[in-house]
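Here the structure is laid out as structure tokens; the discussion comes afterwards.
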Amino acid sequence: MKIYKTLDTFTPPRYAVVTSGTFDGVHLGHQKILERIRQLADLHGGETVLITYWPHPRLVLYPEDTSLKLLSSFQEKAALLEKAGIDHLISIPFDEKFASQSSEEFIRNVLVKTIGTKKLVIGYDHRFGKNREGSFEHLAANAPTYGFEVEEISRQDIDEVGISSTKIRNALNQGDIALANSFLGYPYMLNGTVVSGDKIGRTLGYPTANVEIGFRNKLIPADGIYAVKITVDKQEYKGMLYIGNRPTLEDNRKKIEVNLFDFSGSLYEKEIQLHIIEWIRADQKFESLEQLKERLQEDEKIAKQILFH
């Protein structure tokens, strides 16, 4: 997959099958659209082109609203799109100038002049252009003039179970990782760097890697203990993840810590990817470190039953 950070570096293929959107999380609803553009590209001997926007439009249009957390960083999204078989990923820098572009200008300047769109596929609720004025009806009306065909993926096809990025975010905020993963079609991921910690876990017999998430708008699931798979240096491990403020230690700083089963060595400063498989329990305060250790032993048993069954 080729990635373009600006439109002026893109050379149109002979037959471009195009879709556009934020594609946050690249969930099962998005995957329906990706599947369709791949089918059409294969049918016409063409290539797939996905237009996305970065930063996320809401972060630019409503900068005072800090509540929006995203399911994927740009790098995570790009990796998921590459896995889905997309040929070209165009990331348009989203700013107020681009946001003020009319739907007519977007069609003419981006879809026609720059990309040479032959087929455009969009989701049932996709809007574009200034004030989101552009719609499927608008595209369908203009398509013959500009020499491309447009196809809409129906709500029924995309949304049979009401899949949306918002529903996935709500599930993660409630710790319902099973529901979130069922909508995503893969285990929710956290990518970060291992940083130095205070090594309390080691004294309990559960050494942990402290993970710092590089993308500040990334949605962190609800506090608690999770069964996870971990990728480090292209090797996969299994373990348990803690997210919370360590109430037993009266720390009050949000921590993301992972204990890897059957691992020895240093992880310090390494890039680490966490694939969250299942929720084990909510965070809680214990009367002593000994009680915490006993509970961690239970957590480990449960995590191993989940991960090794």
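Okay, here's what the table says:
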{"read-out": "Per-region count, region 233-275, residues farther than 20 Å from GLY175 by Cβ, free of Cβ contacts under 8 Å to residues at least 60 places away in the same chain and crowded, with 19+ Cβ neighbours inside 10 Å", "value": "1"}
{"read-out": "Counted residues, region 204-216 - those being touching a residue at least 60 places away in the same chain (Cβ under 8 Å), surrounded by fewer than 19 Cβ atoms within 10 Å (Cβ to Cβ) and out of contact with any helix residue (DSSP H, G or I) (no Cβ under 7 Å at 6 or more places or on another chain)", "value": "2"}
{"read-out": "Residue pairs meeting the criteria (Cβ under 6 Å; at least 6 apart or on separate chains; first among the aromatic types (Phe, Trp, Tyr), in region 77-105; second in a loop (DSSP other than H, G, I, E, B) and surrounded by fewer than 19 Cβ atoms within 10 Å (Cβ to Cβ))", "value": "PHE94/PRO55"}
{"read-out": "Check on THR166, in contact with a Phe, Trp or Tyr (Cβ under 7 Å, 6 or more places away or on another chain), surrounded by fewer than 19 Cβ atoms within 10 Å (Cβ to Cβ), among the hydroxyl-bearing types (Ser, Thr, Tyr) and over 19 Å from GLN75 (Cα atoms)", "value": "no"}
{"read-out": "Per-region count, region 188-203, residues buried (at least 17 other Cβ atoms within 10 Å of the Cβ) and under 25 Å from the mean Cα position of the chain (by Cα)", "value": "6"}
{"read-out": "Output for region 173-215, where each listed residue is at pLDDT 90 or above and in a loop (DSSP other than H, G, I, E, B)", "value": "GLN174, GLY175, ASP176, GLY185, TYR186, PRO187, THR208, GLY214, PHE215"}
{"read-out": "Residues (among the aliphatic types (A, V, I, L, M), surrounded by 18 or more Cβ atoms within 10 Å (Cβ to Cβ) and not in a loop (DSSP other than H, G, I, E, B)) located in region 33-80", "value": "ILE33, LEU34, ILE37, LEU40, ALA41, VAL49, LEU50, ILE51, LEU70, ALA78, LEU80"}
{"read-out": "Residues of region 276-309 classified as acidic (Asp, Glu), touching a residue at least 60 places away in the same chain (Cβ under 8 Å) and part of a helix (DSSP H, G or I), total", "value": "2"}
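The values are calculated or read from the model by the stated rules, or taken from the named source; none is laboratory data. The model shown is predicted, which means the values in this text are computed figures rather than measured ones. Cβ: placed from backbone, ideal geometry, glycine included. Neighbour counts: every protein chain shown.
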